[in-house]
Amino acid sequence: MLRIRLSMGGVRKRPVYKIVIADSRYPRDGKFIEKVGSYNPLLPKDKKERIKVEAERIKYWMSKGAQPTLRVSRILGEVQIMPMPKAGNNPLKAVPKKDRKKKEEGSEQPKAEAKKEEPKAEAKKEEPKAEAKKEEPKAEAKKEEPKAEAKKEEPKAEAKKEEPKAEAKKEEPKAEAKKEEPKA
């Protein structure tokens, strides 16, 4: 199938495109049948040198069945060789890519959960600050006692970390037992 498409040229950070007629199986910058124009996206839209097109050759190739790509059809629409294509509907275009993936997975539910979790996270951040302020006066009064308190607090934190793991381990054997029952 013949395509009217862009072939990239130029140097790094300064692209220049050739508008070419090529077989759709050929690589983007590879072999092409005929060069019918050029496009320089770095120039302002009002300059004539931005888009150079051989209109007669494009019309000829379109009569032979060549299909323009979406970008080329927009360029040809600007030059008024063919009608401008409809604007696409991509409501997620302005959303960062990481957030797009979240939306695709669970629609808008993760947003609501994230909003609920944010105030909790803020409250957690404020609590350690308050604890630190309480410990400071004690530290000024007696330097040795806060060290002992810190040692006592660390095992508690480790125990808290271990508890969820223990719960997860308890849940796993139950799941395995459930799996084994249907087999028997």
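Computed values, structure above
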| read-out | value |
| --- | --- |
| Segment Arg74-Asn40, extension gain: residue separation times 0.36 nm, minus the distance between their alpha carbons | 10.8 nm |
| Burial order of peptide ranges 87-100, 46-59 (average beta-carbon count within 10 Å, highest first) | 46-59, 87-100 |
| Greater than 28 Å apart at Cα, pairs in Lys64/Lys97; Lys31/Lys52; Lys59/Lys97; Lys13/Lys52 | Lys64/Lys97; Lys59/Lys97 |
| Mean projection area, nm², convex hull over Cα of the range 2-79 | 5.1 |
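Every read-out reported here was derived from the displayed coordinates using simple, explicitly stated rules and does not represent laboratory data. Bear in mind the structure is a predicted one, so any value in this text is a computation, not a measurement. Using ideal geometry, Cβ is built from the backbone for each residue, glycine included, and neighbour counts are taken over all protein chains shown.
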